[in-house]
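Single-structure report; data block below.
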Amino acid sequence: MAAHFATPARRALNAARTVSLLTIVGSLIALLAWQATSKAGILTRWQFLMSAGAGLLGVALTWYFRQMPVLASALVAFLCACVVLVADSVTNVEVARSRLRFEPFLASKILAFGMAIIAPAPIALGYLIIALCGLIPIFDYFALIPEPLKSHFAAPEPWTSAILAFFAFFVLAHRIRERKYEREILLQTMVEDSEEGVWVVDRDRKTTYVNPALSERLGYSPGEMTGKDALTFMDEDSRALALKKMSRGERGIREQYELRLIKRDQTVLWTQMAANPIFDDHGRFVGAFAFVTDISSRKALEERLSESEAFLRTIIGNLPIVLLAFDRSGRFTVYDGLALKTIGKKPGERLGETIDHAWGKSAPIWVESFDRALAGESNSSSAEMWGRFWEIRWSPLFNGKGQTITGVVAVAIDETERHAFMQEMDSRRELLQGVLDNMSEGVFAVSPDGMIRIANKVGLRFIGLQSEEQLPFSMKDAPTKLAIRDLEGNPLPPESLTVSRALKGERTKPLTSVMRIPGTREDLITQSSASPFTDPSGKGTSAVVVLTDVTETLNLDRMKDQFIRVSAHELKTPVSSVKLNSQLLPLLLPSLDARQKTVLANLIQGADRIDRITRDLLDLSQLQVGRFWLSKTHFDLCQMAEAVAKNRQRLTTRHQIHVERPGLPLIISADYERIEQVVDNLLDNAVKYSPEGGEISVQLGLESAPEGRSATFRVCDHGIGIASEKQKHIFERFFRAHTDTPHDYGGIGVGLYLSKEFIARHGGRIGFESVENKGSCFHFSIPVEKEGTA
Amino acid sequence: LNDHLPRKSILVVEDDLELCTSIAMLLEISGFAVRTAKDGAEALERVAEEMPDLILLDMKMPVMNGWEFARLFHERHGNSMPIVVATAAEDARKRAEEIGARASIGKPFDSEHLLAVVRQILFSPLHPEERR
């Protein structure tokens, strides 16, 4: 047996040496391959070095024990195998962890397999011991060796083959176990490394496994959670939910649900649970596992969204409007707003109904507006509904991208009060407009820039327009377009028009002018008055202009003047006849007694009074129509006044007329007859209004003023005077201070008016002082021409 | 006083018959020889028959008015004859100047005033001064 063993011992040594060498080479190759793929960590490199070192040790030992007995060589082989085993099993795990496709440990396995092929029985025994330990996969690939090669390599001894076959059984068993082991490692690695939380509980809800991803999120280590009731990590609500879900799970229902977990720091972790029940081979429920996804951020976003939505709803619910939204088919999708509540409607009650159904009958206009909005046209409409007046603005509702119209949104505003107010305003405006349009005057509002903005009907006709739409009309064009002239036909410059002055803020007297309506041949005489007013916009001064057509009035005036003139003229000849005949009679009958003479004198005086009145009327009408001329000559005012005074004195015995005059004559250039008329008139008044008689003094003189010298005339009486409240009217036409008083001595009330006009036309001044019941002084002055020219 | 002198003749042209008669009467009483005409055309006939010393002329008359008469008269008989205008118009003097009359009297006039004007013209030939 010994000899028998001797040769195998040597062969074992040789084989061990070969294996060791191959181990070195294989390890180095593996190392290089690892390096090349950059997958190896530092640890694995160490393992390969250990593997190579084991090879070196094997070479050295086989060399040293080349004369060793069988047992020794078996021991060496065993040691070598142990080294390889360690390297192999470590790399095995590593490979499982790193999930590498390339399996470097394959090299060492191949080497070990080769050794087994050539190993003699004692060495195989060593392998058997190792194999019995159940730890090393050496004969993995035994089964893979082709049969011809096996016969070539295998030991000839039958029992060795039996042992190898036995080994092969173990190796196969081991290989199966190892495969399973690898998969477990793989799974475990996946679970451990997963970002997804994994939670496994048993049938009593005790945690049997939790992966770091989940435990870390909850703030625990996996160990702390293991063995604890899953409900520990939930609040009341979640527990109820979890229990419900788990009982469903026991019935085999798999489902996903959101569950709120409580972290160690008592804050909330929102998760989505994908729970799966676990049943054993007999179909009994043994527990459950769940993939736990952290949805906190999604949940937070959702919460924020729903918060803001709730906030929006609150706002809408408190807006004093009705907010409406519709889908394309016209169904209400929003029906809210405080305005609904105030009229006793319930927000949301119409949801789902269509606008046609809800409103189509009572308010077709809403449906029409809805259709327009749906066609893309924002619009607003108003009508009565629910006993109130509503204005609704309709807009198309676009999708997020703003391309397609997905519905309509509408805002209804209760405009009842405003509507009533507007109606009131409208009716007032209509009333005003009616008043304006029915006025016979043209009324214009002119803005600060000189544009007619508003005109009534008559006003429009005056400026040749048919309707208000043709406004504004520029006042700048008015003088030319309307051919505005004065009464003599001279064009009036724009700045002299009343409107121009009103726009400057001045108040003006009415201006009479002639104009022509554009497109007609009719000349109108108009009187315009304008007043400034502050523009409502505050942008300056506007003007309101009133234009009155006085053509007819003025024509009537002219006719009246003409009538007066003609009548007065016609009176003159018969008056002349009366007067002349009255004067003729004494010549024919020299023996007239005093009474007869008085009769004749009265006749003459009557004729004179008629003459006086007709002259006054003529003067008046001439002044009125502007046909008044002065016929100037040089004469002595003193001489003339004395003559008039003398004449007057002849007619009265109760008055004493005294004339005070300077030594030198007062030569003036004036219309003799007019000035005589004034002097006579003033003297006549003095006599007339001092019925008690008394002294009447006439003073003539020369007055010096910076602008030149004037001849002055002054007459004072001691009569009834003029009441102070009537004094300011005394020079007015037809004003009679003593009308209907005991002192009404007749006259038509034009004497002082004419006197004033005559003196004014001579460039002079007229005035008076008067005290009631004391007397009056009337005076006038007329400029004297310079001595050289006088 | 002036009886030894030949009586001065005056032609009164006036369309108002009553007034015309009265004026004629006044002038006759005052010692003038008076003839009358009721319009300018008739006056031209009278003048053609016999030239007066003075013409008292109304301006507004039918058939031929004062202006027309004065124009034709001056054309035919020169400017030497004194004409006194008696008119109801308010601008009597202006009218007088227009036709080259010696004086004007506004209606209604005083008989004394009329006589004064007439006498002044007829008896002060060297200074035929107008009233003013």
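What follows is calculated from the coordinates using simple rules that are stated; it is not laboratory data. If you're wondering where the values come from, they're calculated on a predicted model, not measured in any experiment. Using ideal geometry, Cβ is built from the backbone for each residue, glycine included, and neighbour counts are taken over all protein chains shown.
List A:Y672, A:Y753 from most exposed to least, where exposure is judged by having the fewest other Cβ atoms within 10 Å. Numbers along the way, then the final one.
Numbers: A:Y672 17, A:Y753 20.
Ascending Cβ contact count within 10 Å gives the list A:Y672, A:Y753.
Each of B:L17 and A:Q466 was given a label point 7 Å from its Cα along the Cα-to-Cβ line. The distance between the two points is 6.6 nm. Calculated over segment A:597-720, the projected area of the Cα convex hull averaged across directions stands at 9.7 nm². Ignoring aspartates and glutamates fewer than eight residues from A:K341 along the same chain, the ones with Cα atoms less than 14 angstrom from its Cα are A:E349, A:D414.
Which order results if A:M234, A:M190 are arranged by neighbouring Cβ count within 10 Å, fewest first?
A:M190, A:M234
What's the long-distance tail for segment A:674-790, i.e. % of Cα pairs beyond 23 Å? Walk me through the numbers before you get to the answer.
Details: 1994 of 6786 pairs.
Looking at segment A:674-790, the distances longer than 23 Å represent 29 percent of pairs.
If R₀ is 41 angstrom, what is the calculated FRET efficiency for the pair A:F533 and A:M559, using the beta carbon separation as r and rounding to 0.05?
On the way: r = 38 Å, r/R0 = 0.92.
Between A:F533 and A:M559 the formula returns 0.65.
Summarising the label geometry, the points placed 7 Å from Cα in the beta-carbon direction at A:R761 and A:Q596 lie 4.4 nm from one another. Classify segment A:700-754 as rounded, prolate or oblate, taking a ≥ b ≥ c as the square roots of the eigenvalues of its Cα gyration tensor: rounded when a/c is under 1.5, otherwise prolate if a/b is larger than b/c and oblate if not. Cα axes put segment A:700-754 in the prolate bin. Counting only lysines at least 8 places from A:K481 when in the same chain, those with an alpha carbon closer than 21 Å to its own are A:K457. With a Förster radius of 35 Å applied to the C-beta separation of A:V268 and A:K401, the computed FRET efficiency comes to 0.50.
Arrange A:W199, A:W629 by Cβ neighbour counts within 10 Å, fewest through most, would you?
Values: A:W199 24, A:W629 11.
The most exposed by this proxy come first: A:W629, A:W199.
Anything over 29 Å Cα to Cα? Flag those among A:K688/A:K728; A:K560/B:K94; A:K688/B:K60; A:K646/A:K756, in the order listed. Correct reply: A:K688/B:K60. Computed from the C-beta positions of A:E309 and A:H729, the FRET efficiency with R₀ = 51 Å rounds to 0.05.
Between A:T416 and A:D281, the contour length at 0.36 nm per residue exceeds the alpha carbon distance by 40.8 nm. Restricting the calculation to Cα atoms, segment A:547-587 yields a radius of gyration followed by a Dmax of 18.1, 63 Å. Averaged over peptide B:9-21, the number of partner chain Cβ atoms lying within 10 Å of each residue's Cβ comes to 2. Above 21 Å, the calculated P(r) of segment A:180-299 contains 35 percent of its Cα-Cα pairs.
At 222 nm, what helix-only mean residue ellipticity would chain B give, in deg cm²/dmol to the nearest 500, using -39500 (n - 2.57) for each DSSP H run of four or more? Can you show the working numbers first?
Details: 5 runs with 55 residues, N = 132.
-12500 deg cm²/dmol, from helical runs alone.
Computed over the Cα atoms of segment A:496-622, pair by distinct pair, the Kirkwood hydrodynamic radius stands at 19.5 angstrom. Among the trypsin sites (Lys or Arg not before Pro) in segment A:344-382, those placed in a DSSP loop whose Cβ has at most 10 other Cβ atoms within 10 Å are A:K361. Taking label positions 7 Å along the Cα-Cβ direction at both A:T652 and A:T551, the computed distance is 5.1 nm, reported to one decimal. Rg and Dmax of segment A:287-438, both derived from C-alpha coordinates alone, stand at 21.7, 100 Å.
What value does segment A:386-467 have for Rg/Rh, both radii from Cα atoms and Rh as Kirkwood defines it? Across segment A:386-467, the Cα-based Rg/Rh ratio is 1.29.
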